[in-house]
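Where a number appears in this text, it was derived from the coordinates with a stated rule and is not lab data. Because the structure is predicted, anything quoted here is derived from the model rather than measured. Neighbour counts are summed over all protein chains in view; Cβ atoms, including those assigned to glycine, are modelled from backbone coordinates with ideal geometry.
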Amino acid sequence: MASLQSLRGMVDLLPGATALWQHVEGRAVEHFRRAAIQEIRTPLLEVTELFARGIGEATDVVGKEMYTFIDRGERSCTLRPEGTASVVRAVLQHGLLSQGPQRLWYGGPMFRYERPQAGRQRQFHQIGLELLGFAEPRADVEAIAVAWDLLADLGVGGLALELNSLGSPEDRAGYRQQLVAWLEQRRSQLDPESQARLQTNPLRVLDSKHPDTQALLAEAPSLLDSLCAASRERFEAVQAGLAALAIPVQLNPRLVRGLDYYSHTAFEITSDQLGAQATVCGGGRYDGLVQQLGGPATPAIGWAMGLERLVLLLSRSATAGLPSQPPPDLYVVSRGAEAEAQALPLARLCRRAGLVVEIDPSGAAFAKQFKRADRSGAAWAAVIGEDEASAGVVLLRELRPSGAEGSPAASADQRLSPEQVAARLAR
Ligand code: ATP
Ligand code: MG
């Protein structure tokens, strides 16, 4: 029978990789904790309408990337392609806004039916931040700073923060008209995808990756020229706030979010080391979304970070060693029924004391078990043979002399009770 494989674009994280993931996730949790941002967990599966309304039919995500199916109750369901719509749904469903503004983060797998390549999968992972009920420019600055500081703390180099303002809904509508008129005159010079976007979602033409379209767009009217005085002032306040935190900014007037409920701040954090999939983190202000999903008018800003790209970046740019699972402190070698019966109680005692303990399960000859003990990288071996078992003791052997290089050779074997072993090693 042919062996079964994972689905295309659905990736296993093997044991050699999970320590780095845990490290990244652990740092993220810590940064959120320090910023007084609380975790929210929502289901992976939602009614399809949530994303149709919350992301928009005109986007690639809703138009062609969703995993949608009819369930046994004849409901149209979708595996979440992103986190924001679900978070807003949950906040509204449980009336959280009545308790005041919400500072929330989420994490977990997202699903998009895309063409898999490096840094682009069909199941991928995001962490994201949503500040709901915050209108002030300094909330934008704080949201961006949390992302920037997390990436800096992880040691990711070569990052750039690209920033733009989409202005108020009126600014944006005015610009849209201007842009459509400009693009219509040059329709034949656009790539086919941009020609289609010109009908459905014209602002998205601005972030076409097609080189000819990009060259053409260098001449296009700039969004920044369409901002009214108040929007301009707001944008300047965001830039001043970032400057005060010494976070460097590259203005990018072509950075857009496609949908009408986005306004003002839009940003991306990119890396020059990721090739075509350069964006690690994308976000912006979405003052219209909560209302779009049936809630009260609520200003909000958020971002999402792709963990695959972040991990890829760390493994490419890391100068020091990457986190990996540490070797066991103690490796338990035992042979003979009575001895083997004592291995697990010993391991348990030592694990309770906080030690990492691996038990050799083989019952093989001592020489073989010692070879494995050595390969495990453990600093110590606990040996239980028939003599030790009947005396209720353990032979503790140092496999790797601890301390500095050139320190004296391993200490001599010691016969200790299990309690003594735990106490000795836990020090
Ligand atoms: P892209 O332009 O790369 O498709 P996007 O605009 O679709 O990105 P967002 O919806 O803003 O991305 O998601 C935020 C982040 O999630 C991205 O910046 C990226 O790091 C990550 N991401 C998005 N789609 C994928 C995917 N298919 N595989 C891996 N990571 C992804
Ligand atoms: Mg995408």
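What the table shows:
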read-out: Per-bin percent of Cα-Cα distances, the chain [10 Å]; value: 4, 17, 23, 20, 13, 10, 8, 4, 1, 0
read-out: Rounded to 5, percent antiparallel among DSSP beta bridges of the chain; value: 80 percent
read-out: Förster radius 22 Å - calculated FRET efficiency between Asp149 and Ala240, Cβ distance, rounded to 0.05; value: 0.75
read-out: Inter-label distance, nm, simple model (7 Å from Cα along the C-beta direction), Ser411/Gln199; value: 7.9 nm
read-out: Cα centroid separation - the stretch 1-70 against the stretch 91-129, whole Å; value: 7 Å
read-out: Cα long-axis angle, helix 337-352 against the chain (0 to 90 degrees, to the nearest 10); value: 50 degrees
read-out: Principal-axis tilt of helix 15-34 within the chain, Cα atoms, nearest 10 degrees; value: 60 degrees
read-out: Nearest 10 degrees, 0 to 90: helix 169-184 Cα axis against the chain principal axis; value: 80 degrees
read-out: Three-way shape call for the stretch 330-425 based on the alpha-carbon gyration tensor, with the a/c threshold at 1.5; value: prolate
read-out: The stretch 152-272: proportion of alpha-carbon pairs further apart than 26 angstrom, %; value: 25 percent
read-out: Quotient of Cα Rg and 2.2 N^0.38 Å for the stretch 93-173, N being how many residues it contains; value: 1.40
read-out: Size of electric dipole in the chain: Cβ of Lys, Arg +1 and of Asp, Glu -1, about Cα centre, debye, nearest 20; value: 480 debye
read-out: Antiparallel bridge percentage (DSSP; both residues within the stretch 330-425; nearest 5); value: 45 percent
read-out: Eligible aspartates and glutamates near Lys64 by straight Cα distance, threshold 20 Å, same-chain separation 8 or greater; value: Glu46, Glu49, Glu82, Glu114, Asp191, Glu193, Asp207, Asp260
read-out: Order of Ile301, Ile37 - criterion: other Cβ atoms within 10 Å of each residue's Cβ, fewest first; value: Ile37, Ile301
read-out: Residue exposure sequence - Met66, Met305, Met1 - by fewest surrounding Cβ within 10 Å; value: Met1, Met66, Met305
read-out: Within the stretch 264-286: backbone nitrogen closer than 18 Å to the Ala215 label point (7 Å, Cα to C-beta); value: none
read-out: Spin-label proximity, Val29 to the stretch 120-149 - amide N less than 20 Å from point 7 Å beyond Cα toward beta carbon; value: 125-130, 146-147, 149
read-out: Length-normalised contact order for the chain - Cα pairs under 8 Å, 6+ apart - percent; value: 14 percent
read-out: The stretch 330-425, relative contact order [Cα under 8 Å, separation at least 6], %; value: 30 percent
read-out: Residue-averaged 222 nm ellipticity for the chain, from DSSP H runs of 4+ at -39500 (n - 2.57), nearest 500; value: -11500 deg cm²/dmol
read-out: Calculated FRET value between Arg400 and Ile70, using beta carbons and R₀ = 60 Å, to 0.05; value: 0.55
read-out: Between the stretch 222-290 and the stretch 344-370, the Cα center-to-center distance that results, in Å; value: 55 Å
